[in-house]
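The values are calculated or read from the model by the stated rules, or taken from the named source; none is laboratory data. Quick caveat: nothing in here was measured; it's all calculated off a predicted structure. Glycine gets a Cβ as well: all are built from the backbone with ideal geometry, and neighbour counts include every protein chain shown.
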Amino acid sequence: MSLRALLTAALIALPAAAIATGPACPAVRADAFARQQEIRPLPGALDKVLMVNDNNPELIRDEGILLSTFPEGGADALAVPLNGRFDLFSHHVYAGNDDTLDSTLWLAVMVAPLDGTPVTLELLEGSTSLSQATRPGQTAAPFLPLPAFMRETTEIVAAGPGSRVAGDLLAKRRAPELHTTRWSLEPGDATPIVVLPIPVAGLDPLLNGRNLQLRLRSSAPVALATLAAYGSADTPPPTSRWQEMLHSGELSSKEHSPTPRGAKGKMVYSRVSGVQIGSSWSTRITDPGSAHLAIPSQPLSWPISSLERGSLGTGQVQTAELQAFHPDTAWAAHGNYGVTYDLSLPLSNDGDHPASVELALESPLKSDQPSDSLRFRTSMTGPVMYRGPIEVAGLDDHDGRPLGRQTIHLVLRQGQQGPALGQLTLAPGEQRNVRVRLVYPADATPPQVLTLRPVKQSRTPDT
């Protein structure tokens with residue numbers, strides 16, 4: 001492998017599950033072990049909020065339309081009206097231009113009314129981040145080698161642009177690059193609402209990435225497109241250039257054509273370039289037929305971002321379906337990147353003695369067959385599978401002191417049992433609600449599990 005390729009792999013961590021996977025039943029690893037436990041499907045479902053998912057190509061090689069819902073796009077048009085609440089998830093990488101050492105790729109989000117009347121568009125929440133800043137004032141999050149567990153205090157903890165933007169959304173922070181939060185759109189040519197650079201000048205290798213996520217609300221139906229074009233380091237292409245590109249209807253080249261749905265053998269998921277149905281999963285996790293969740297006597301897990309051939313034996317595929325997608329791109333939103341999980345666990349001690357439990361996010365080995373166990377690894381030398389923040393509330397530390405609402409940045413490797421996010425001890429009949437929130441980050445590889453693990457009680461001998 002060339003030095004450039006090695007550095008590329010180190011600086012830009014591609015979500016591997018978005019590209020390909022082996023068989024649903026992986027070969028037995030010498031360092032793997034099975035943990036006996038119960039695995040249940042996650043209650044609830046995705047909502048119906050549309051999300052424009054712009055991730056194919058991830059590595060942009062040429063100018064053009066990345067994604068478009070405008071009806072004028074001919075046979076490749078997605079033609080999905082966006083009305084009221086909708087989201088945008090965009091994640092791209094630029095590897096520089098061999099013709100110049102200071103080339104800058106610019107990204108634009110173009111929006112226009114669909115019904116011939118003016119539209120008000122609002123940015124409710126959103127953020128953006130580069131992998132690497134090249135100038136002061138740019139929001140960036142390099143892929144730093146962070147420990148597995150870091151509790152966020154006054155400093156923002158992030159590794160990679162997907163990790164940074166997910167944390168911003170959880171904390172309701174907005175990158176300063178998104179300084180406009182309201183647009184008045186007139187009928188006619190599309191208006192660029194966001195124009196951002198992916199600069200590479202001064203980087204070695206010439207490589208950078210940008211994650212952008214917007215939560216929007218429109219007063220009437222609109223069409224949206226994302227485009228890429230070259231410009232100078234200081235000046236983006238003019239509005240007329242973006243409009244010309246949009247009118248041309250020419251898509252940028254795509255990557256990783258997917259395996260057809262239902263085909264057997266090795267599966268290429270591909271990356272997404274389409275409009276998905278669902279941007280958040282909110283639910284209460286209880287025992288079947290109960291309003292509460294009893295503290296379990298063995299580990300109990302629920303999948304997070306489970307996908308085709310990766311349901312961890314539950315048969316549950318949480319992947320958002322696509323209402324429309326561009327040719328030669330993923331047929332579902334594998335991985336649920338950018339989706340918010342908001343989970344409440346109303347815990348109850350139904351026993352006769354105090355009971356303690358700890359909560360963790362874990363990254364078991366991927367599987368799809370029904371089982372009474374999850375498989376983990378004894379060595380932590382595999383690839384990073386989860387890199388991002390998780391917010392928890394309702395837990396205590398090891399001394400029983402309430403932690404309050406906490407944001408913890410996790411770096412989980414393949415087959416890793418996650419560190420405890422906190423724990424709690426309930427007296428007989430006592431109840432407590434625990435809340436977990438995360439935005440599934442672009443720098444992760446699904447699936448993971450949310451796990452309750454019993455903590456053994458030390459008992460005082462009878463006297």
Output the residue which, of all residues in the range 417-441 that are surrounded by 15 or more Cβ atoms within 10 Å (Cβ to Cβ) and of a type in the set (A, V, I, L, M), is farthest from S379 (Cα to Cα).
L426
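Would you kindly identify the strands (runs of 3 or more DSSP E) lying entirely within the range 257-358 that contain at least 3 residues that are more than 23 Å from V80 (Cα to Cα)? Steps first, answer last, please.
On the way: elements: 273-277, 280-284, 300-304, 320-325, 340-348.
In the range 257-358, 280-284, 300-304, 340-348 are the strands (runs of 3 or more DSSP E) which contain 3 or more residues that are more than 23 Å from V80 (Cα to Cα).
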List pairs: first residue in the range 289-317 and free of Cβ contacts under 8 Å to residues at least 40 places away in the same chain, second residue of a type in the set (S, T, N, Q) anywhere in the structure, Cβ distance under 9 angstrom, at least six positions apart or on different chains.
S290/S348; V317/S306; V317/S311
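Within the range 139-161, count every residue that is acidic (D, E) and buried (at least 18 other Cβ atoms within 10 Å of the Cβ). Step through it out loud before you land on a result.
Step one: of the range 139-161, the residues acidic (D, E) are 152, 155.
From what is left, the residues that are buried (at least 18 other Cβ atoms within 10 Å of the Cβ) are none.
The total comes to 0.
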Condition first: at positive phi, at pLDDT 95 or above and touching a Ser or Thr at 6+ places or on another chain (Cβ under 8 Å). Can you find one or more residues in the range 318-325 that meet it?
no
For the range 69-94, pairs from a residue that is crowded, with 16+ Cβ neighbours inside 10 Å to a residue that is modelled with pLDDT under 95 and of a type in the set (G, A, S), with Cβ under 7 Å and 6 or more apart or across chains, are T69/A79; F70/A77; G73/G249
Taking the range 200-231, which residues are at pLDDT below 95 and assigned to a strand (DSSP E or B)?
Y230, G231
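Residue-by-condition table, conditions (1) surrounded by fewer than 22 Cβ atoms within 10 Å (Cβ to Cβ); (2) touching a residue at least 60 places away in the same chain (Cβ under 8 Å); (3) on the phi > 0 side of the Ramachandran plot:
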site	(1), (2), (3)
L105	no, yes, no
E122	yes, yes, no
L130	no, yes, no
G137	yes, no, yes
S163	no, yes, no
H179	yes, no, no
P187	yes, yes, no
Being part of a loop (DSSP other than H, G, I, E, B), touching a Gly at 6+ places or on another chain (Cβ under 7 Å) and among the hydrophobic types (A, V, I, L, M, F, W, C) is the filter here, so list the residues in the range 98-156 that pass it.
A141, F143, I156
Are there any pairs with C-beta distances below 9 angstrom linking a residue in the range 219-247 that is farther than 20 Å from F325 by Cβ to a residue that is part of a helix (DSSP H, G or I) and aromatic (F, W, Y), with the two at least 6 apart or on different chains, and if so which?
A229/W242; P236/W242
Could you give every pair whose Cβ atoms fall below 9 Å, whose first residue belongs to the range 374-385 and is farther than 17 Å from P145 by Cβ, and whose second residue is β-branched (V, I, T) and modelled with pLDDT under 95, counting only separations of at least 6 or pairs across chains?
R375/V28
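Can you name every residue in the range 165-177 that is under 19 Å from the mean Cα position of the chain (by Cα), in a loop (DSSP other than H, G, I, E, B) and at negative phi?
Selection gives R173, R174, A175.
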